[in-house]
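The values are calculated or read from the model by the stated rules, or taken from the named source; none is laboratory data. A quick note: this is a predicted structure, and the numbers were derived from the prediction, not measured. Here the Cβ positions follow ideal geometry from the backbone for every residue, glycine too, while neighbour counts run over all protein chains shown. For accessibility, only protein heavy atoms count, side chains too; no ligands or nucleic acids. Shrake-Rupley method; radii C 1.70, N 1.55, O 1.52, S 1.80 Å.
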4 protein chains.
Amino acid sequence: MGNTFGRAFRVTTFGESHGGAVGVVIDGCPPRLPLTEEDIQVELDRRRPGQSAITTPRQEEDTCRIVSGTFEGVTLGTPIAVIVNNKDARSTDYDDIKDTFRPSHADYTYEAKFGVRNWQGGGRSSARETIGRVAAGAVARKFLAQERGLEIVAYVRQVQSIMSVVDPQVVRREDVERNILRCPDGAAAAQMIALIERMRDDGDSVGGVVEAVARNVPPGLGEPVFDKLEADLARAMMSLPATRGFEVGSGFAGLVMTGSQHNDAFYYDEEQRVRTATNRSGGVQGGISNGENILIRVAFKPPSTVRKAQQTVGRDGTAITLEARGRHDPCVLPRAVPIVEAMMGLVLMDHFLRHRGQCGAR
Amino acid sequence: MGNTFGRAFRVTTFGESHGGAVGVVIDGCPPRLPLTEEDIQVELDRRRPGQSAITTPRQEEDTCRIVSGTFEGVTLGTPIAVIVNNKDARSTDYDDIKDTFRPSHADYTYEAKFGVRNWQGGGRSSARETIGRVAAGAVARKFLAQERGLEIVAYVRQVQSIMSVVDPQVVRREDVERNILRCPDGAAAAQMIALIERMRDDGDSVGGVVEAVARNVPPGLGEPVFDKLEADLARAMMSLPATRGFEVGSGFAGLVMTGSQHNDAFYYDEEQRVRTATNRSGGVQGGISNGENILIRVAFKPPSTVRKAQQTVGRDGTAITLEARGRHDPCVLPRAVPIVEAMMGLVLMDHFLRHRGQCGAR
Amino acid sequence: MGNTFGRAFRVTTFGESHGGAVGVVIDGCPPRLPLTEEDIQVELDRRRPGQSAITTPRQEEDTCRIVSGTFEGVTLGTPIAVIVNNKDARSTDYDDIKDTFRPSHADYTYEAKFGVRNWQGGGRSSARETIGRVAAGAVARKFLAQERGLEIVAYVRQVQSIMSVVDPQVVRREDVERNILRCPDGAAAAQMIALIERMRDDGDSVGGVVEAVARNVPPGLGEPVFDKLEADLARAMMSLPATRGFEVGSGFAGLVMTGSQHNDAFYYDEEQRVRTATNRSGGVQGGISNGENILIRVAFKPPSTVRKAQQTVGRDGTAITLEARGRHDPCVLPRAVPIVEAMMGLVLMDHFLRHRGQCGAR
Amino acid sequence: MGNTFGRAFRVTTFGESHGGAVGVVIDGCPPRLPLTEEDIQVELDRRRPGQSAITTPRQEEDTCRIVSGTFEGVTLGTPIAVIVNNKDARSTDYDDIKDTFRPSHADYTYEAKFGVRNWQGGGRSSARETIGRVAAGAVARKFLAQERGLEIVAYVRQVQSIMSVVDPQVVRREDVERNILRCPDGAAAAQMIALIERMRDDGDSVGGVVEAVARNVPPGLGEPVFDKLEADLARAMMSLPATRGFEVGSGFAGLVMTGSQHNDAFYYDEEQRVRTATNRSGGVQGGISNGENILIRVAFKPPSTVRKAQQTVGRDGTAITLEARGRHDPCVLPRAVPIVEAMMGLVLMDHFLRHRGQCGAR
């Protein structure tokens, strides 16, 4: 269990990195949404390995196929299944980790839980499982954009200790796509890239922070007390591989303020809409969107796969010194950007439909 | 919707701060667990207002009653309903906020979502709704303690910029309860209390961080890819009032490390169990517990209710200067401690039962 | 688990027959629906024992209290908790069945499942648990009536082998309430009542069929492939105590027809709506309502509690001859009528909200 | 929504009859179950069209592929995706029903719900969607057989008015497979087949009843009050195409008995297990299995596709006389047998895992 996300827009992913295929079934999508494989492929291409010098050189095509739920270019309201075939060759690359638990990977915990694991390329714990998430997110985002003009933009905010400066109110996808790191602050990006290249050459890895903003979010999304919007966003993000922290609005940094400093004063704008003068709430108050931009940050740890020698153990009770070979990402952040966007789309879509169900169109 | 938490140990809370009652229905509790109202009341007493000079002086009894699901002192396996009656007097304290949206409260968003709200004392958005969570958490924790010796301890780790030093491996509840702040580091606690008293006198408020540890957690809990253990913990914590951030293990601070520094080396201990030399993973790898202590941190913003004058608006489109009276908490952290423990208990309990269902006892 | 019904309009019931209280929490109710305790009480009064000479003479008040989710006479969109206190006296009536498994009751199976049971009055398996269903159904039906003019009428169709003739197109509640049996066919009702009185005097019991119709159901409700409307209706009805069978439309009797005889021809009515000339489909085609009346039938077995001597066993492995005393229903049908209506209301309400969520208002 | 079945063993199906593929994702399967495509294919072959002279002559291979969730011949505990590709040729067979609502099919209701439909071969409402159910059922049944020796056998009990005589206590699959009708009573089967052939030649169709028995079911499965075992069985069966009625145990026929006649007397057998002398309860009491055989019956209406001329309407508001061509089943019962078995397997499996979760192994 645990492979379904959402209550109204329900996304079920499947697939190991070296099984037959990975994919997703989307249940609950509104009917009559124009949808083709191109809508999905463009996001998968941003996610896939081998895009640039700072991602893993492993080449994967990741060509998707919609096998149900659409007809003559529109959604039917029935389950949309999207499938990406794996390359079928059985890999021998992983033979040396068959009986070894790689440090800070999921090898040991899958074995502890299930008593068995697909040890080829991480199996189900591989980041390859996010293909289904990205595909589903593309559908959600297309609906929200068309229905409400809602837009989601994520970008690299921090790599190790290097911070960028980005204005979430105005940043556009084209700003993000301007460099291979997906950090719109060009100066910071250059430093970050240099650091990552150093890490790559050194056989090591670094982590960082992805920030994401959603604009034109209607007020009223989110369902207290447990399915608050920020709670579901937190769950969505912390379900991604390698995440270690989540913030909304002012986050941990807001703790230095007092309440009177931190509060967002209300005012009416020229269209007589209720607005806030500041946005320390990050667009969510009491678990419900207030119409301001939703702003979140997600911490990704440095990837666990490094070439440096490490101490670990085998399944058989022996101590082992592991020197990973393989080809992996020195920094997951550039590829994490479209994944964070996808998950944000899934959460907002789910809550949009749920809100419409309970409260009707308003 | 949104008032049910968990899949196997399902907790549904109800109640507004000034309606007839607040409470919880727990579905899926294992049968034959010894359970009386005292087991629950002790945790409710830690949560209730009026405990000390640094919490709101508002006095509430919060006496619970179990009205179903137990018989002759043990659970039946049927739904356990726990009810705490509200004082029935209709409050006039809140008349002045009937038509006003308090900054950074949920007044506006509830109105935007539902088109109606119970404006007395925050209604459903009041922290009073956490009574049901604490009651259910007490049941979960009792089961886990009895079945597995699992123990959960939370404490105040930070107030504004003041940090405490606490060893999560050994800290006990009695250390936490030693002072009114629930911070086991006595020296830091004294500074924190002084700051809070200054805030209280000044009509302002401060936030901070609660840290929680779970010990004796069996390996194997957590269900990738969406219901990873840290994802459900994040959701649980971010569904609490006033939370703005969540971390597991090394969290945001871990980002300064490289992968080779950050990885937790495996070894076999004297009982031939797989262990990690460090615990930057916070007890969770690949979304599944690895048997090490689970360690999380939750950021609570400074409470929105302050006595200082603030700019805001009324429902009728007017600008308003609000000067709150009432009696509120200058800092929610001491009372948040038992709530964080409760939510951690709910997550671990749910995953314990889910794991037992899919994989059987091992 | 298993005490929650519905996905969008989620109803969780709790309570044993002799615990502190029975009740229900309704999550997901649309906001701003006028709702008072009187709306619920009128249905509870139709359900309660002691109404007439052919129901159990046991007197129960079953006075309900709404303790959350409403404010100033309307729903808030937050959970609505409705509670009915049990009489608190601990019964000695049941001491003789403490260690005995009554034939065709749930005594043995609860014990087999949970290893413990509340043996007083059936505990959770008592028909008293339907109070929460009826309360929630009253809320659902009020919304559907107000929003769509949807009306639900159930009545006794058959007692043992005595059949009544009722036209589901026109039957009204006042027709149903005209006699104590809730069978609108007066002549059949007289025979049925005579039979039941004979059974009552003889210490035996009889079963029968309740038929229910929903009119003004909008086309489009129901979610293939698993949550088809008739599937959820079947589940709803078969979850009621003492049910043994379910039919929709032509049901089992339709099997004598060939396909060409059984099909419902389509036509356009004067308002250019698609209609069917006959209604063997019972208002549901392919799992989705077609706008015709929804027509179902539910078989209730003869109640298991009889005064006649029966062979059974004790918990301790002994054979026992049981002669029940107590006061019970010789026929549950009159009291089942409001319960069937309630469950039908819950299913239609849930699907109304779900459909509105996915497909929007049309 | 509505395409997922089960809570612990969660089955999500997808696919239209003429889209790219149909299939299923199974989440929550216990790990380490031996499983290959052959285990599934054998059941699909019993379900597929073109098996015999009394099923549709349409030929479909329905070759399945497991693309995730297994490794080296055993289940991983991760989602198992099973895919059956559709023939890709776009059919022109259906052009004449593109704008016509076939009587008692789902053409109109899908259009009413979604505003769009895949009109080729019924789209999602095609019986082809049951392929996913049968595949998942094969997995469930294999686990239950291996873990508990539980066996499920279904067979044709009735065609139109012709009844068979079968003893559910002893009937084996080989008895069922002895003839093309899957009715173990050879004499009745001959009559039934003759009737179906007459209908086929006449361009008409007939319905009937499938009965199913589950043996070696452990006591304790089923979760009152809503997820009673018979309620979930009813939902499972009534979610199948063309079903109109459901019974458990004595069903509608039991209504002629009085309570004292109908009750199942308890006794202890030679192994000191609690047993019932009769089984009018059909193996379920109070919603929980009692260890006796579970016995259900499902009514399937005569198929809606007939060659005889019928009155209907077009999408454009016109009246139309429809004369179906195509190749369809004069009677669905032989092919319904493996589908009923599959759904019964899914329900029992789900409740087995749920019970193990809440109550542990007993």
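What the table shows:
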read-out: Sorted peptide list for C:227-239, C:265-277, B:215-227, criterion being average Cβ within 10 angstrom, highest first; value: C:227-239, B:215-227, C:265-277
read-out: Crossing angle, helix A:229-238 versus chain A [Cα axis fit, 0-90 degrees, rounded to tens]; value: 10 degrees
read-out: Helix C:186-202 axis, angle to chain C major axis (alpha carbon atoms, nearest 10°); value: 20 degrees
read-out: Carbon and sulfur %, accessible surface of the stretch C:4-359 computed with the full protein complex present, 1.4 Å; value: 48 percent
read-out: Heavy-atom SASA rank of C:V256, A:V284, B:V165, A:V116 (probe 1.4 Å, accessible area, largest first); value: B:V165, C:V256, A:V116, A:V284
read-out: For C:129-139, mean number of other protein chain Cβ atoms within 10 Å; value: 1
read-out: Surface accessible to a 1.4 Å probe, per residue, for the residues of chain D, Å²; value: 30 Å²
read-out: Solution diffusion estimate, µm²/s, Stokes-Einstein, the stretch B:4-359, Kirkwood Rh from C-alpha pairs, 4 °C, viscosity 1.567 mPa s; value: 61 µm²/s
read-out: For D:A277, inter-copy label distances in nm, listed shortest first [label point 7 Å out on the Cα-Cβ vector]; value: 5.5, 7.3, 8.5
read-out: Förster-model FRET efficiency, 45 Å R0, D:R148 and B:E37, C-beta, rounded to 0.05; value: 0.70
read-out: Estimated D of the stretch D:74-226 in µm² per second, where Rh is the Kirkwood radius over Cα pairs and Stokes-Einstein applies at 20 °C, 1.002 mPa s; value: 111 µm²/s
read-out: The stretch D:1-49 shape via C-alpha gyration tensor axes, a/c threshold 1.5; value: oblate
read-out: Hydrodynamic radius of the stretch C:1-115 per Kirkwood, over alpha carbon pairs, in Å; value: 16.6 Å
read-out: Principal-axis tilt of helix A:130-148 within chain A, Cα atoms, nearest 10 degrees; value: 10 degrees
read-out: Label point distance in nm, C:D95-D:I180, each placed 7 Å from Cα along Cα→Cβ; value: 6.9 nm
read-out: Positive-pole candidate from B:P184, B:Y268, B:G286, dipole of chain B, charges at beta carbon; value: B:G286
read-out: Fluctuation leader among C:A309, C:A138, C:A342 - chain C, Gaussian network, Cα springs under 10 angstrom; value: C:A309
read-out: Among D:R200, D:R315, D:R117: highest mean-square fluctuation, GNM of chain D, C-alpha pairs under 10 Å; value: D:R315
read-out: Size of the C/D contact, given as accessible area buried on both chains, probe 1.4 Å, in Å²; value: 8300 Å²
read-out: Peptide-level mean, for D:198-204, of C-beta atoms on other protein chains within 10 Å; value: 2
read-out: Dipole-positive endmost among D:M349, D:P303, D:F143 within the stretch D:4-359 (Cβ charges, Cα centre); value: D:P303
read-out: GNM flexibility winner over chain A from A:L322, A:L44, A:L240 (Cα, springs under 10 Å); value: A:L322
read-out: Computed E for B:E197/B:T318 - FRET, C-beta separation, R0 30 angstrom, nearest 0.05; value: 0.25
read-out: Sorted peptide list for D:140-151, B:289-300, criterion being average Cβ within 10 angstrom, highest first; value: B:289-300, D:140-151
read-out: Over the protein assembly as shown: helical MRE at 222 nm, DSSP H runs n ≥ 4 each giving -39500 (n - 2.57), nearest 500; value: -8500 deg cm²/dmol
read-out: Rg/Rh (Cα only; Kirkwood hydrodynamic radius) as it applies to the stretch A:65-134; value: 1.14
read-out: Three-way shape call for the stretch B:180-232 based on the alpha-carbon gyration tensor, with the a/c threshold at 1.5; value: oblate
read-out: The stretch C:81-235, dipole about Cα centre (Lys/Arg Cβ +1, Asp/Glu Cβ -1), debye to the nearest 20; value: 400 debye
read-out: Total charge dipole magnitude, the protein assembly as shown, about the Cα centre, Cβ charges on Lys, Arg, Asp, Glu only, Debye to nearest 20; value: 0 debye
read-out: Whether the protein assembly as shown is rounded, prolate or oblate, judged on the alpha carbon gyration tensor where a/c under 1.5 counts as rounded; value: prolate
read-out: Out-of-range pairs (alpha-carbon distance over 31 Å; input A:K87/D:K98; D:K113/D:K301; B:K98/B:K228); value: A:K87/D:K98; B:K98/B:K228
read-out: Using θ = phi - 60° and Karplus 6.51 cos²θ - 1.76 cosθ + 1.60, couplings along the stretch C:339-344 (whole Hz; Gly, Pro as x); value: 6, 4, 4, 4, 5, 5
read-out: The stretch A:193-328 - Debye-derived log10 I(q)/I(0), Cα point model, q = 0.10, 0.16, 0.20, 0.22 Å⁻¹; value: -0.52, -0.89, -1.16, -1.31
read-out: Relative contact order of chain B, defined on C-alpha pairs under 8 angstrom at six or more residues apart (%); value: 22 percent
read-out: Within the stretch B:4-359: Cβ-based charge dipole about Cα centre, in debye rounded to nearest 20 (Lys, Arg +1; Asp, Glu -1); value: 440 debye
